[in-house]
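Here the structure comes first, spelled out in C-alpha cells, and everything after it is commentary.
The values are calculated or read from the model by the stated rules, or taken from the named source; none is laboratory data. Computed from a prediction, not measured in an experiment: that's the story for all the values here. All Cβ positions, even for glycine, are placed from backbone atoms using ideal geometry, and neighbour counts span all protein chains on display.
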Amino acid sequence: MEDLKKTPLNRVHRELGGRMVDFGGWDMPVQYSGVIAEHLRTREHSGLFDVSHMGEFWVEGEDAIEFVNRLTTNDVAKLVDGQAQYSALTRENGTVVDDLLVYRFDQGKLLLVVNASTTEKDWDWITSHLKDENITLTNVSADYCQIAVQGKDALEIVRKLTETNLDEIKYYHFTVGKVDGVDAIISRTGYTGEDGFEVYANKDYAEQLWNKFLEVGKFGDENGILPCGLAARNTLRLESAMSLYGHEISDEITPLEANLGWICKLNKGEFSGREALQKQKESGLKRKLVGFEMKDRGIARDDFDVYINDKKVGFVTSGSPAPFLKKNIGLAFVPNEFANIGQEIKIDVRGKHLAAEIVPTPFYKREK
C-alpha cells in the first residue's frame, strides 16, 4: 500500500474506519458505514465525499478559450464567467480520452477538472496539442483538495460555513468565496444526481473543511451527513445514469454511442475528433448505450455479456443493485436496432441467461 497515492484526507478516512482500497493507484475509502446506508442518506439527506484525487489544470492566457475549444467536444465559447460545463476530450477517431469539467473564471482563465486515474495521461495529451497559442498550462492536481457535499440538505450545510449567497449559484455554476474562513471555489455540481456543492481549496485545509462539514451536518445524528465511499458514489451515479470513464466511455467508445451527443457541438468549428463524430452521426450508430432493469433474480455486473435471441450482441458497462430504487439495474451497449424501450434482453450471469428489459434513463431523477 506504500506506493499508492493518498489524498490529503487519508488519515481522516482511516480514523473514521473507512475500508480502504486501491482505486486506480489511489488509496481510497470504498465505504464507511456501508454502501446502502451511505447511498440512502445521500438521497434522503446528505453525503460527504472526498474527491481530492481528481486532477486540476489551469489554462491561462488570451488564447485559453480557443485552445480548450480545439480539444473538447462542447462549446467553451458559450460559457459565461462563473459557469462550468461537462465535456469530453476526444481523439481524432472520435473516441474518448477522458470526460471533464471546464470552469470559466474569465476570458483568459479556465480550470479543467479531469479523472484521477487518467490525470497524467490527460496532461500529456493536452500539452502535446499545444501549438503557438498564447497560454500557460499548470498542473495543480497535487495542490487542491476537493470535497463534495451532496443531497437535499447540502445547501443548508454549506450555508452554515460561508457568507457567500449560495442561492445565487445555479446548477453548473460556481463562485469564489470563503468556506469556514478558507479561500475556496464553490461549485454547484456533483456526481450523485442530487443537488449539492463541490468545494475546492488548498490541500492544507482539507481536514479542517471535512471535519467542519461533518460537525455542522450533525454527524452521528440519524438524519445527519454521512461520510461516503467510492461504492456509494458509484451506485448513486449509476441510478442517475451518469457515465464513468473506462465503462460507458473510453478510448474505444465515442460520446455519440454513449448518449452524449448533447455535449458534442459539431457546428462550433474544428476540434479533435469532430470529423470522425460527424461521419458517425451521418452514417448512423451501430451500437448504443441503454439502461436496463433485471426481470429475473440476479445482478448484472460490469462486462457481463448481453444476448438477444440466444446471440451475443453486447456487454454490460455498469451494473449493480440500486439501493434507493430497490431494483437491479445497469447500462449496456446493444446494436442500434435493438436499443428500444421495452426490448427484452438476456444477460449471462455466471452461465445463466437471465431476463432483463430496456428501460428509460436516468433510472432516478430528483424532484426539483
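See the values below:
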{"item": "Selected residue [in contact (Cβ under 8 Å) with a residue 24 or more places away in the chain, under 26 Å from residue 28 (Cα atoms) and surrounded by fewer than 17 Cβ atoms within 10 Å (Cβ to Cβ)] from 114, 140, 96", "result": "140"}
{"item": "Test: residue in region 150-166 that is assigned to a strand (DSSP E or B) and either farther than 24 Å from residue 365 by Cα or out of contact with any Lys or Arg (no Cβ under 6 Å at 6 or more places or on another chain) (or both)", "result": "yes"}
{"item": "Residues of region 320-354 that turn out to be in contact with an Asp or Glu (Cβ under 8 Å, 6 or more places away or on another chain), under 22 Å from residue 249 (Cβ atoms) and without any contact (Cβ under 8 Å) to a residue 60 or more places away in the chain, as a count", "result": "2"}
{"item": "Members of region 198-235 found to be β-branched (Val, Ile, Thr) and assigned to a loop (DSSP other than H, G, I, E, B), listed by number", "result": "225"}
{"item": "Residues within region 192-235 that are acidic (Asp, Glu) and modelled with pLDDT under 95, tallied", "result": "2"}
{"item": "Residues satisfying the stated conditions in region 343-365, i.e. in contact with a strand residue (DSSP E or B) (Cβ under 9 Å, 6 or more places away or on another chain) and in a loop (DSSP other than H, G, I, E, B)", "result": "343, 360, 361, 362, 363, 364"}
{"item": "Failed criterion for residue 298 (all others in (1) on the phi < 0 side of the Ramachandran plot; (2) in contact (Cβ under 8 Å) with a residue 24 or more places away in the chain hold)", "result": "(1)"}
{"item": "Candidate set: region 53-78, residues that are touching a strand residue (DSSP E or B) at 6+ places or on another chain (Cβ under 6 Å) and of a type in the set (Phe, Trp, Tyr); chosen: the one surrounded by the fewest Cβ atoms within 10 Å (Cβ to Cβ)", "result": "58"}
{"item": "Which numbered condition residue 266 fails, given (1) part of a loop (DSSP other than H, G, I, E, B); (2) of a type in the set (A, V, I, L, M); (3) touching a residue at least 24 places away in the same chain (Cβ under 8 Å)", "result": "(3)"}
{"item": "Any hit, region 169-189, residues being closer than 23 Å to residue 79 by Cα, among the aliphatic types (A, V, I, L, M) and surrounded by fewer than 19 Cβ atoms within 10 Å (Cβ to Cβ)", "result": "yes"}
